[in-house]
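Just below is one structure, and these are the notes that go with it.
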Amino acid sequence: MDTQKTILAVALSVIVLLLFQAWMERESPHPATGTVATTQSTGSTAAGTPIAAPPPATVAQTPTPAGLSLGGPSIPFQTRVFTGRIALHGGSIDALGLRDYPVSVDNPAPYPLLDTQPQRLTVQQSGFVASNGEVLEPQYTAPPHNGPFGREPITLSGGVGPLKVEKTLIFQPDSYVVEERIQVTNTGTTPWSGSYFDQILRNGREESHWFMSIFTGAVLQHDGSFSKESFSDLRSHPVVRQGPGWAGMMDHYFLTAVLPAKGSPSQVYARPVGENYAAGVTVALPTLAPGQSTTIQQEFFFGPKLQQTLAGLGQGLEQTVDYGWFAVIAEPMHSLLNWFHGLTGNWGLAIVLLVVVVKALFFYPSAISYRSMANMRKLQPKLDQIRKDCGDDRQKMGPAMMELYRSEKVNPMAGCLPIFIQMPVFISLYWVLVESVSLRQAPFILWIHDLAAPDPYYILPLLMGVSMFIQQRLNPAPSDPMQKRLMSALPVVFAVFFSFFPAGLVLYWLVNNLISIGQQYFITRRILAST
């Protein structure tokens with residue numbers, strides 16, 4: 001068995017596996033089990049964008065109502081983490097920026113998580129649906145302005161039809177959770193029945209991270225079961241699920257979600273709305289006699305997908321951080337990376353320390369691999385002689401090589417097995433670095449200002465290519481001319497390929513290569529010196 005061929009196959013397999021996993025995340029269909037298709041009836045917003053309300057909280061026989069609006073008068077608010085705007089028509093949050101997460105390294109403006117601009121349309125919407133399917137959007141008046149909105153609870157008063165509504169939004173200073181309280185009173189002369197809904201409306205834009213496919217779409221949890229619904233799937237299979245849960249929209253780094261009170265009679269849904277998509281929660285209300293009131297309490301999450309923060313909410317939101325097939329390995333690696341960051345204050349140094357730990361864990365398997373390669377290099381003259389003596393006679397060459405391996409007590413496969421063992425670790429770290437919002441716009445040193453973006457000057461990919469070339473010089477040279485050319489081209493191929501990858505991932509690979517070169521050099525020198 002030619003070790004060089006195996007190494008080449010493994011290296012290419014890693015790339016193919018990563019690309020295949022990204023493709024599967026994007027293209028694999030989700031089962032439609034337990035979903036209910038809904039008939040859509042849409043209206044138009046002030047901007048001409050068709051938007052529809054959700055189905056009622058019970059699967060009613062009335063058609064899906066239509067007609068939610070955007071725009072109009074609004075009031076601004078600001079907290080330590082948010083800056084945004086609440087529309088007085090509907091009382092919905094139609095603009096929200098994350099102050100701790102700038103748009104880009106060159107643009108310090110808060111990242112617009114909610115926005116009414118057509119190209120970035122993502123808004124939170126709410127309202128009532130009567131039992132006959134009529135959509136009711138309350139019209140509110142602005143509260144007295146005693147200071148910046150957001151430092152104290154914001155209470156909007158208004159009404160629609162027979163309903164008098166008081167809506168209170170409570171912002172905690174450093175929290176991405178917003179509490180919502182709705183008190184609704186029937187001021188009419190006849191009983192009223194219906195439901196209340198909160199939803200996230202988003203356009204169909206999808207995100208990619210250079211060569212990596214990033215899931216963008218609806219996320220639902222129903223009866224403890226988490227699912228992701230891509231926009232293409234929602235076109236053919238809208239989802240309506242009866243029972244407790246939450247719903248929202250997710251992109252690469254950020255999450256917007258509606259979190260109803262536990263035990264409330266609700267349903268979660270995700271479906272297309274004209275050219276856009278909605279994911280939300282509908283809560284059934286008790287029948288209100290004239291003069292009777294009821295109160296609804298829910299929460300929103302608007303913020304980054306920080307796993308520890310999401311896990312602390314206790315509702316399974318941490319499942320939106322997807323580490324792929326090897327999550328059981330990736331999660332402790334992510335915790336260790338965070339711990340190193342706490343020690344160093346620099347995510348680049350945290351990655352370097354993580355590499356050191358991983359290499360220490362695989363020190364002995366790697367040593368086995370390098371000893372095997374060194375022994376193969378020592379046998380190279382004898383192997384070349386066998387190839388020369390046997391010529392094109394493969395049936396004679398194979399047994400002769402095996403006999404040489406047995407007599408010299410060399411196992412050529414020993415150089416490959418540790419590589420396969422380490423593949424899950426590398427793939428896990430790949431997804432940790434890709435999914436970690438902490439690395440977004442995180443600087444390292446000198447020219448690296450964003451570890452989640454490619455190296456702007458391609459220095460790290462170039463150094464990685466050089467390190468791969470040095471590693472090849474330590475390995476036994478292939479005898480096949482075609483294979484030799486392929487191996488020689490591999491560092492260039494990897495350098496070009498990784499120039500589009502996040503600098504944090506290239507940094508990991510580069511440091512891994514440098515440590516491997518040191519370990520392999522000393523092992524090879526010691527074995528060759530013993531001949």
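Below is a table of values for the structure above.
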{"quantity": "Selection count where residues are buried (at least 23 other Cβ atoms within 10 Å of the Cβ) and within 13 Å of residue 273 (Cα to Cα), scope the range 235-251", "calculated": "2"}
{"quantity": "Pair list, Cβ < 9 Å and 6+ apart or interchain, from the range 100-127 residues that are over 29 Å from residue 285 (Cβ atoms) to residues that are surrounded by fewer than 17 Cβ atoms within 10 Å (Cβ to Cβ) and among the basic types (Lys, Arg)", "calculated": "100/80; 110/99; 111/99; 112/120; 119/205; 120/205"}
{"quantity": "Filtered residues of the range 270-321 (kept if among the charged types (D, E, K, R) and surrounded by fewer than 18 Cβ atoms within 10 Å (Cβ to Cβ))", "calculated": "275"}
{"quantity": "Residue check for residue 318: charged (D, E, K, R), closer than 20 Å to residue 215 by Cβ and touching a Leu at 6+ places or on another chain (Cβ under 8 Å)", "calculated": "yes"}
{"quantity": "Qualifying residues in the range 72-93 (those that are of a type outside the set (S, T, N, Q) and touching an Asp or Glu at 6+ places or on another chain (Cβ under 8 Å)) - the one surrounded by the fewest Cβ atoms within 10 Å (Cβ to Cβ)", "calculated": "80"}
{"quantity": "Only listed residue being over 50 Å from the mean Cα position of the chain (by Cα) and either in the same structural domain as residue 519 (by TED's automatic domain parsing) or in contact (Cβ under 8 Å) with a residue 24 or more places away in the chain (or both), chosen from 388, 409", "calculated": "388"}
{"quantity": "So residue 452, is it crowded, with 20+ Cβ neighbours inside 10 Å, assigned by TED's automatic domain parsing to the domain that holds residue 511, more than 17 Å from residue 509 (Cα to Cα) and not acidic (Asp, Glu)", "calculated": "no"}
{"quantity": "Options 339, 347: the member that is without any contact (Cβ under 8 Å) to a residue 12 or more places away in the chain, assigned by TED's automatic domain parsing to the domain that holds residue 421 and among the aromatic types (Phe, Trp, Tyr)", "calculated": "339"}
{"quantity": "Qualifying positions in the range 332-385 - within 16 Å of residue 514 (Cα to Cα) and of a type in the set (Phe, Trp, Tyr)", "calculated": "362, 363, 370"}
{"quantity": "Qualifying residue in the range 396-414 (condition: closer than 30 Å to residue 352 by Cα and at pLDDT below 75)", "calculated": "yes"}
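Quick grid of which residues meet (1) in contact with a Lys or Arg (Cβ under 7 Å, 6 or more places away or on another chain); (2) small (Gly, Ala, Ser); (3) without any contact (Cβ under 8 Å) to a residue 24 or more places away in the chain:
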position: 277; (1), (2), (3): yes, no, no
position: 301; (1), (2), (3): no, no, no
position: 321; (1), (2), (3): yes, no, no
position: 329; (1), (2), (3): no, no, no
position: 335; (1), (2), (3): no, yes, yes
position: 343; (1), (2), (3): no, no, yes
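The values are calculated or read from the model by the stated rules, or taken from the named source; none is laboratory data. If you're wondering where the values come from, they're calculated on a predicted model, not measured in any experiment. We place every Cβ from the backbone using ideal geometry, glycine too, and count neighbours over all the protein chains shown.
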